[in-house]
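For reference, the structure discussed in these notes is given below.
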Amino acid sequence: PPACEIAARSRARRLPFALDGGNGLACFVAGDELVRVRDGRRERLPATAEIALPGRFNLHNVLAAVTTAGVLDLPAAAIVRALREFEPLEH
């Protein structure tokens, strides 16, 4: 609740993401694919099996990173390359 109160007072633009698709999301997982929404258009990124960071629980971190990459106007090709080539730390 405190975080929601702070967010409600913020002038920041909210960019929600979720593991399951829905309206108004900046990034989500549809089936086994990662999808980023930019300017009202859906961009399909790699399948979740191609993402180097293992585990469904890590997809929240991936979604946050992809959403941030959109704010920074990074091209989809750069995001795809990073998701496929990322080298996670042991454990």
task = Within region 12-29, count every residue that is touching a strand residue (DSSP E or B) at 6+ places or on another chain (Cβ under 8 Å), open to solvent by less than 50 Å² (accessible area, probe 1.4 Å) and modelled with pLDDT of 85 or more.
result = 7
query = Filtering region 30-46 down to residues that are part of a loop (DSSP other than H, G, I, E, B) and among the small types (G, A, S), which residue is surrounded by the most Cβ atoms within 10 Å (Cβ to Cβ)?
reply = G31
request  = Being under 25 Å from E33 (Cα atoms) and of a type in the set (A, V, I, L, M, F, W, C) is the filter; apply it to region 7-23 and report the residue that is nearest to the chain's Cα centre (by Cα).
outcome  = F17
request  = Looking for whichever is closer than 24 Å to P88 by Cα, open to solvent by 60 Å² or more (accessible area, probe 1.4 Å) and among the small types (G, A, S) here; the options are A49, A8. Which one fits?
outcome  = A49
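Of a type in the set (A, V, I, L, M), without any contact (Cβ under 8 Å) to a residue 12 or more places away in the chain and outside any helix (DSSP H, G or I): which single residue out of L53, L89 fits that description?
Residue meeting the stated conditions: L89.
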remark   = Expected single match for in contact with a Phe, Trp or Tyr (Cβ under 9 Å, 6 or more places away or on another chain) and over 21 Å from N23 (Cα atoms) among A78, A52, A64 is A52
inquiry  = Can you tell me which residue is modelled with the lowest pLDDT among those in region 55-91 that are within 12 Å of V29 (Cα to Cα) and open to solvent by 70 Å² or more (accessible area, probe 1.4 Å)?
reply    = R56
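The values are calculated or read from the model by the stated rules, or taken from the named source; none is laboratory data. Just so we're clear, the structure is a prediction, and the values are computed from it rather than from any experiment. Glycine also receives a Cβ, built like all others from the backbone with ideal geometry; neighbour counts cover every protein chain displayed. Accessible surface is based on the protein model in full, side chains and every heavy atom, while ligands, DNA and RNA are left aside. Shrake-Rupley method; radii C 1.70, N 1.55, O 1.52, S 1.80 Å.
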